[in-house]
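Trainee: Below is a structure I'd like to ask you about.
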Amino acid sequence: MAKEKITGAMAVRRALEAEGVEYVFGMPGGTILPIYDAMFGCVKPQQVLIRHEQVGGHAAEGFALATGRTGVCFGTSGPGATNLVTAIADAYMDSVPLVAITGNVATSLIGSDAFQEADITGITMPITKHNWLVTDVKDLPRILKEAFYIARTGRPGPVLVDIPKDIQNTEFEFEYPDSVSIPGYHPPVREEPRLKDAATLVRGASRPLIYLGGGVRTAGAHAEVAAFAELIGAPVVTTLHGKGAFPETSPQCLGMFGMHGSKFANFAVQNSDLLIALGARFDDRVTGKLSTFAPEAKVIHLDVDPAEISKLVTATVPLVGDLKRLLPQLTEEVRRLFAAQGRPDLEPWLKRVEAWREKHPMKYTQVGQKYLLPQYVIEAIWKKTGGKAVVTTGVGEHQMFAAQWWKTSGPRQFITSGGLGTMGFCLPAAIGIQLGRPGELVIGIDGDGSFQMTLQDLATARDLNLPIKIFILNNLFLGMVRQWQELFYENRFAQTPLSDCPDFVKLADAYGCLGLRARTVEELDQVIDQALANDSGPTIIDVRVRRQEKVFPMVPAGAPLNDMIDGE
Amino acid sequence: MERNEEKPNGSSHTISLLVENKPGVLHRIAGLFSRRGYNISSLTVGPTERPDYSRMTIVVLLSTKTVEQVVRQVQKLVPVVEVRELSPQDLIERELMLVKIRTPERNHAELRALAETYEATIVDVSPDALVVEASGNAGKLDALEDRLRAFGIQEVCRSGRIALERGFKTLAPPSLK
Ligand SMILES: Cc1cc2nc3c(=O)[nH]c(=O)nc-3n(C[C@H](O)[C@H](O)[C@H](O)COP(=O)(O)OP(=O)(O)OC[C@H]3O[C@@H](n4cnc5c(N)ncnc54)[C@H](O)[C@@H]3O)c2cc1C
Ligand SMILES: Cc1ncc(C[n+]2csc(CCOP(=O)(O)OP(=O)(O)O)c2C)c(N)n1
Ligand SMILES: [Mg+2]
C-alpha cells in the first residue's frame, strides 16, 4: 500500500477499510472524536450508533458469530470504555473475534486521574487475547494489523486498542503492513503425529460418542464433521455452542447434553467408552461433577488451543490444531484402519442409546394447560418458520428452553451467550446478526428480565429498520434464579419476581416498533404470523407464559451428570 | 481415566520465560498467575543478551500436572516468546542475598569466619552494624540466614532466583538465534 501523510485518526479509518470492516458499533465522546470525525461520511465501514457501549460490543459479537468475520466496536475513554467490559468478557469466554477501539486522554495526561481517564488496558488485560495502549503514532498501523490478526486466528477472541487523543491527532507517514510478525504468537500449524493413535482408539471403541463444541462453528468444519460422523456412525452430542455443528434433525444427533441436556444424551456420555471431543472445552455446565464424568471413557480431544488440552479432563490422545485441517486427516486414518481391520460393531451400543431415547424422551404437555408453556411457544415458532431462522437468546430459563426445543439444522443458526451467561445479550446480538445476514429471518427468544437490560437499543434497531422479531417469554420472573430458589431454597423468592413489568407492547410502540401480545395458543398462532409478516422494522412480542414452568431435566450444580432431576 | 478435579500437593518448579521487553509485560504475567490461582514463590526479571527481550525466572510450588498447564497458559500471552520448565537435574540456579546485622563489635570476628564458610562477604561495616552479601542456591542462603539469626538480623533482602540449564540448550526459539 502506498504511503500517505495522515493523522492517527485517519489511519484508523484506513486500517478498517483495509480489513474490509462493514460495521462499527459505538458511541462518540471527547477522546474518540478525532476518529469519529475521520469516519464522517464513510460508507464502508458504516457507523452504527448504539445507545449503550455494552450493546455495541454484543452487536459486534452477534455480527461475528453470524458471519465468521471479526466484529468491531468503538468507545470513548472512561465510561465508554468501561461499558464495553461486559461484552469483551463475553467475547473472551465464548471465543468471539472482536476488535474494540477506545479513545483515551492525551498521553501527557495519562496517569493523572484526568477527566474520563480509565486504565482500560489494565482493566481488560484478563479478558482480552491481547491489548495495546498506543504511545507512538508510528506503531499504530502495525498494532491495528496485529489486532485484527490476533482476534481472528487460532482460538479467536477479543482484543482492545486504546488510542490517546493526541496520538489520533498526530500526522505521520501511514503505510498499512501486508503481514504481521509477532515473535510470541503462533497458532498451531504443525503436523499432528498422534492421528494414528486416535484412529486406533476409534477402531477399538465399542461405545464411542462424538462430542461437538463451538470450535466446529469457528472452524467452519461442518462438512468435515459430517463426513467423520458418517464414517464412524457413532451418536453425536453437542454443547450449547455446538448446536448446529451437526443437524439436530438427524437421528444420529442426541442434541445438547450437560446441566439441561436430555437424559438420553447424558446417559450416552456417562456410558461411553470413547469420547471424541471436537472443539469443545469440558465446561462445568456440561461435565457435572468432574470426578464422575464419563468414568469409563477414553478421550480424544481435538482443539486449536493447547492450553485446553488436559485442563479439566486428561486426554488419552490430544490432537492440537485447526479442526478443519486435522479432522479430514483423522477421518482418512480411520477409513484406512477400517478398511484393513473392519469396523467395530456398534449395534449393541446404538440399541442401548435408542432405548434411552425411547424411555426418557424430552416432553411437555400444552393440552389442558391454562397458560402457554415456553416449550410450546418455541416449537410453534419453529414449525411456522420451518426452523429456517437465525436464533439468538437472552440468558435464563427461556435460553435453555430454546436450546432444548429449537432444532438447529445448520451452522451459525443458534447464537447465545454461554460462557459468561450475559443477560441482555439477545437484542444487541439480533441487531448484529441481522446486519451480517440481511434478508434472513432473525428471531430472538428473550426473557422479560434479560430484555430489560438492553432494551434502550430498540432505538438502534428502529433507526436501521431491522426486521428482527424478539419473542419475550414473559414469566414476570427472573425465572432461572427463581427455579433454583424453588429447588434449593425452599421457595423463598428473594428478589426474583418482576411483577411490575412495563407494558412491552406500549414500549415497542414508544420506540416505533410493532408490539404484539399473546396469552393463549390461538393468540400465539396469529401473533407469530403477524410478526413474520412485518418486514418494515423490529417486532416485539410479549408472550405471557406459565410463570413457574421449570427447565428439566436438570443436573444440580456439582452433581454427577447422570443424577438428573426431572420434576416428576 | 483421570479427571483433574483435586489439585495434588505441589513441589518446587522453575519456569524460565523469554519475553518481549515492553511496558506491561510483568503485569500481564503476574496477573495470569494470580487469577488462575498459581502461587509464585519467587519471580525475577532482567535484561538478556538482546535489548528487546527480558528473561524472567519464576519459581512456583505446584504439582507437575499443574505446571504443564501453567506453561501452556503463559505461552498464550502474546509478549511471551518462549517458556519452559527447566529440568531440575540440569538446573543452575542462583540467588543474591543481603543481610544487615546489628551486633556489637566483639562479634565481628566470629561473623567474618561464618561468612567465609559460606563464601559470603562483608560489604559494609559500621560500629554496631554490618551487611553480609552472599550468593548461591536457595538452600545455601537459607542455611546462612539461619546461622545469622543468632547475631540479630535487622533486614534481609533476597533477589529471588535466576536460573539457566547446563549444556548448550537455550530458551530462544530458532527464529531468534
Ligand atoms: C444458564 C446456562 C446454562 C447452560 N447449560 C448448558 C448445558 O446444559 N449444556 C451445555 O453444553 N452448555 C450449557 N451452557 C453453556 C456453557 O456454560 C458453556 O458456554 C458451553 O458448554 C461451552 O461450549 P463449548 O465446550 O462448545 O466451548 P466454546 O466456549 O464454544 O469453546 C470452543 C472450543 O473450541 C476450540 N476451538 C476454537 N476454534 C477452533 C478450531 N478452529 N479448531 C479446533 N478447535 C477450536 C476453542 O479453543 C475452545 O476450546 C449453559 C450456559 C448458561 C448461561
Ligand atoms: C447480567 C446478569 N446478571 C445476573 C445474571 C443471573 N441470572 C441468570 S438467569 C437470570 C434470570 C433471567 O431472567 P429472564 O431474562 O426473565 O429469563 P427467565 O429465566 O425468566 O426465562 C439471572 C438474574 C446474569 N446471568 N446476567
Ligand atoms: Mg423471566
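The values are calculated or read from the model by the stated rules, or taken from the named source; none is laboratory data. Note that the coordinates shown come from a computational prediction; the quantities given were computed from them, not determined experimentally. Quick reminder, even Gly has a Cβ in these numbers, built from the backbone with ideal geometry, and neighbours come from all protein chains shown.
Trainee: Restricting the search to segment A:409-427, which residues are in a loop (DSSP other than H, G, I, E, B) and among the hydrophobic types (A, V, I, L, M, F, W, C)?
Mentor: Once the filter is applied, which keeps residues that are in a loop (DSSP other than H, G, I, E, B) and among the hydrophobic types (A, V, I, L, M, F, W, C), segment A:409-427 yields A:Leu420, A:Met423, A:Phe425.
Trainee: Give, as residue ranges, the strands (runs of 3 or more DSSP E) completely inside segment B:18-90 that count at least 2 residues that are in contact with a His (Cβ under 9 Å, 6 or more places away or on another chain).
Mentor: Answer list for segment B:18-90: B:53-62.
Trainee: Condition check: in a helix (DSSP H, G or I), more than 23 Å from A:Pro411 (Cα to Cα) and at pLDDT 95 or above. Does A:Gly56 satisfy that?
Mentor: Criteria met by A:Gly56.
Trainee: A further question on this structure: Return yes when A:Ile163 is assigned to a strand (DSSP E or B), crowded, with 18+ Cβ neighbours inside 10 Å and in contact with a Pro (Cβ under 8 Å, 6 or more places away or on another chain) and no when it is not.
Mentor: So A:Ile163 does not fit the description; no.
Trainee: Which residue is farthest from ligand 2 (Cβ to nearest atom), if the candidates are limited to segment A:486-509 and must be within 27 Å of the chain's Cα centre (by Cα) and under 24 Å from A:Val551 (Cβ atoms)?
Mentor: Across segment A:486-509, the extreme among qualifying residues is A:Phe504.
Trainee: Just one of B:Gln69, B:Gln73 is under 20 Å from B:Ala172 (Cα atoms), facing chain A (nearest Cβ under 9 Å) and polar (S, T, N, Q); which is it?
Mentor: When all the criteria are applied, what remains is B:Gln73.
Trainee: Only one residue in A:Lys388, A:Lys363, A:Lys383 is more than 24 Å from A:Arg546 (Cα to Cα) and either under 13 Å from the mean Cα position of the chain (by Cα) or without any contact (Cβ under 8 Å) to a residue 60 or more places away in the chain (or both), so which one is that?
Mentor: Of the residues listed, the single one that is more than 24 Å from A:Arg546 (Cα to Cα) and either under 13 Å from the mean Cα position of the chain (by Cα) or without any contact (Cβ under 8 Å) to a residue 60 or more places away in the chain (or both) is A:Lys388.
Trainee: I've got another one for you. Please find, within segment A:449-506, the residue that is farthest from A:Ala59 (Cα to Cα) out of those that are modelled with pLDDT under 95 and within 12 Å of ligand 3 (Cβ to nearest atom).
Mentor: Filtering segment A:449-506 for residues that are modelled with pLDDT under 95 and within 12 Å of ligand 3 (Cβ to nearest atom), the one farthest from A:Ala59 (Cα to Cα) comes out as A:Ser499.
Trainee: Evaluate segment A:411-426: report whether one residue or more is farther than 23 Å from A:Ala64 by Cβ and of a type in the set (Lys, Arg).
Mentor: Scanning segment A:411-426, I find no residue that is farther than 23 Å from A:Ala64 by Cβ and of a type in the set (Lys, Arg), so the answer is no.
Trainee: Which one of B:Glu20, B:Glu49, B:Glu85 is in contact (Cβ under 8 Å) with a residue 40 or more places away in the chain, more than 11 Å from chain A (Cβ to nearest Cβ) and out of contact with any Phe, Trp or Tyr (no Cβ under 6 Å at 6 or more places or on another chain)?
Mentor: B:Glu85
Trainee: Looking at (1) under 30 Å from A:Phe414 (Cβ atoms); (2) within 14 Å of another protein chain (Cβ to nearest Cβ), which one does A:Leu133 not meet, given that it meets all the others?
Mentor: Looking at each condition in turn, A:Leu133 falls short on (1).
Trainee: Collect the residues in segment A:300-332 that are touching a residue at least 24 places away in the same chain (Cβ under 8 Å) and within 7 Å of chain B (Cβ to nearest Cβ), keeping them in residue-number order.
Mentor: Matches in segment A:300-332: A:Pro306, A:Lys311, A:Leu312, A:Val313.
Trainee: One residue is enough: does segment A:104-124 have a residue meeting the conditions surrounded by 24 or more Cβ atoms within 10 Å (Cβ to Cβ), of a type in the set (Gly, Ala, Ser) and assigned by TED's automatic domain parsing to the domain that holds A:Ala147?
Mentor: no
Trainee: Shifting gears a bit: Go through (1) within 18 Å of A:Ala81 (Cα to Cα); (2) within 14 Å of chain B (Cβ to nearest Cβ); (3) hydrophobic (A, V, I, L, M, F, W, C) and name the single condition A:Ile150 misses.
Mentor: (1)
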